1. Could you tell me the extents of the stretch 320-443's C-alpha atoms along the three principal axes, largest first, rounded to whole Å?
2. With charges set only on the Cβ (+1 for Lys and Arg, -1 for Asp and Glu), what does the dipole of the stretch 1-96 come to about its Cα centre, in debye to the nearest 20?
3. Report, in debye and to the nearest 20, how large the dipole of the chain comes out about its Cα centre when Lys and Arg carry +1 and Asp and Glu carry -1 on their Cβ.
4. Excluding residues fewer than 8 places away in the same chain, name every one of the aspartates and glutamates whose C-alpha is closer than 16 Å to that of residue 623.
5. I'd like the antiparallel share, as a percent to the nearest 5, of DSSP beta bridges with both residues in the stretch 488-597.
6. Order by neighbour count: 155, 280, fewest other Cβ atoms within 10 Å first, most last.
7. For Cα Rg over 2.2 N^0.38 Å, pick the label among (1) 1.07; (2) 1.00; (3) 1.17 that corresponds to the value derived from the coordinates.
8. Taking the chain as the reference, fit the longest principal axis to its C-alpha atoms, fit the long axis of helix 578-587 to the helix C-alpha atoms, and give the angle between the two in degrees, 0 to 90, nearest 10.
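Values quoted throughout were computed directly from the atomic coordinates according to the rules given, and no laboratory measurement underlies them. Model, not experiment: these values are computed from the prediction. Counting neighbours? That spans all protein chains shown, and the Cβs are built from the backbone with ideal geometry, glycine included.
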Amino acid sequence: MLSITLPDGSQRQFDNPVTVGDVAAAIGAGLAKAALAGKVDGKLVDTSFKIDHDASISIITEKSPEALDILRHSTAHLLAQATQRLFPDTQVTIGPVVENGFYYDFARKTPFTPEDLDKIEAEMKKIVAESLPVQRRVMPKDEAIKFFKDKGEIYKAQIIDEIIPPGEEISLYGQGEWVDLCRGPHVPNTSKLRAFKLMKVAGAYWRGDAKNEMLQRVYGTAWLNDKDLKAYLTQIEEAEKRDHRKLARQLDLFHLQEEAPGLIFWHPKGWSIWQVVEQYMRRVYRETGYGEVRAPQVLDVSLWKKSGHWDNYKDNMFFTESERRTYALKPMNCPGHVQIFNHGLHSYRDLPIRYGEFGGCHRNEPSGALHGILRVRGFTQDDGHIFCTEDQIESEVTAFHAQAMQVYADFGFSDVQLKIALRPQPRLGDDATWDKAENALRSALRAAGVQWQELPGEGAFYGPKIEYHLKDAIGRTWQLGTMQVDFMMPERLGAEYVDEHSQRRHPVMLHRAIVGSMERFIGILIEHHAGNFPAWLAPVQAVVMNITDAQADYVAQVVADLQKQGLRVEADTRNEKIGYKIREHTLQKVPYLLVIGEREKEQGLIAVRTRAGEDLGQMPLAKFLERLYAEK
């Protein structure tokens, strides 16, 4: 007799071994029809998985958080089957789930065309209509290698040979005539795969190594239903309109060029945005007790070896030599801040000590990963480090949380999710230290009254971290701020303070950033606002323009008066029609267009229009200033 425990605590008894599908059917026909997979004693399995012992079971349906990944994984198989039906000379390699979809890498001499993708997608829909059962079987390693070699699938055979230990059995999944190497789980049949679209083709090296063959990577997206698919495709269209690289050209903000890969040439308007962000964050430093510091860009590698970066991060670092010494461009600011802390003896009464720096960092990102100013090799962080006692962690983290949430609200982000990234492999320190660090973050977030999600294995090598994930205007999520608890680096770099018993102790080091990379944050702001920055952030807040040459002197006076108030204002006194000027500056997304004709000149007024086309009428300069200040 088998006893099956369901998520609500109820139990079902069965006389013989049963499958997950059998359990779903025993509960109800509707659940059996909706079942995509199951979870047996915490492990995801197919609906065909046979249970021969007492177990806890949950049925995975479209309402389950695991459903989307399972559907996308199965749709990747659907893509591969359709491709090989249409193009039998194609070999399949790997096809994982990625954010918002999946991809499959193919080995094929002839490049895929957009027309080919249309044909493949149509064939995928035919296979869905065939409602092919998806069936799992196992095979000994040697037999599996021969099986795939006989099919001409050299890449699959190589994967098995290199990754699977000797003597192990291999899991295979088949649907119709098509079979693939896979751990699963998968949907019970192809009819479950209803909402998908193939997106693009890109190049990819076999096993990610540039020394290997170039493959063709076909990307696709898959969703639970057509409504979600349509919403995502609409989001993609909107994202293309908001692409920060296109808007940068249109608004003359910055550019990138081949001679400086991953580095940015800031133009005056773009640098104006940078300065607004930096000065805003500098005020946050001042108001929350941070002393702004500056550490060197280049440090001897001996320091990076002591800090642990050499063993855990050297592949991402740039190095240089001088006088037979090796130096590294700093990828992070933290070791430099420890040196500043170490320059003098501190008492427990001095703690917490908070340092902040707009520190320039360099990381040797692969060229294929670079993306506008969202992923670069040289960047500046609003970086800060807090040296404190263990008892001060909770209050410092909760204070930082309040700071971060206010900053995000001021920049126009209202939907923020928190996650705690937990211990990775490899890492510094022992499990007891990591337990203490992770629990400190949990305790602080509980004190702040917020909910969070946990991400096993995604912490930094020296400590766990809270991540702030912001949703933008079109629903995309960006990871920005972090707060990290670090017990390791202060000890490795000799940071000490004298406690209340006159004993020397290592402080806890909290690594914190709110906007993170300034470059990336500005790129996100450009796309979030679609270039229509709020007036306080816009590179040009207003343009003052005349109707005829007779108002040119008054235009100059108005511009001068506004600039004295610290506003970013330009004059346009060109001999052009006023309608032309308004259209041009509207396309440049200037928040306010100030028009001056003869009546405005005589009465000492300005006629105010917004970039949205709203006519606010005539008003004195003082009233316009009140409106502008109210937007900050």
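1. 44, 42, 31
2. I would put it at about 240 debye.
3. I would put it at about 780 debye.
4. Answer for residue 623, where 16 Å is the Cα cut-off: 561, 600, 615, 631, listed by chain and number.
5. Percent antiparallel among DSSP bridges in the stretch 488-597 is about 20.
6. 280, 155
7. (3)
8. So the inclination is approximately 40 degrees.
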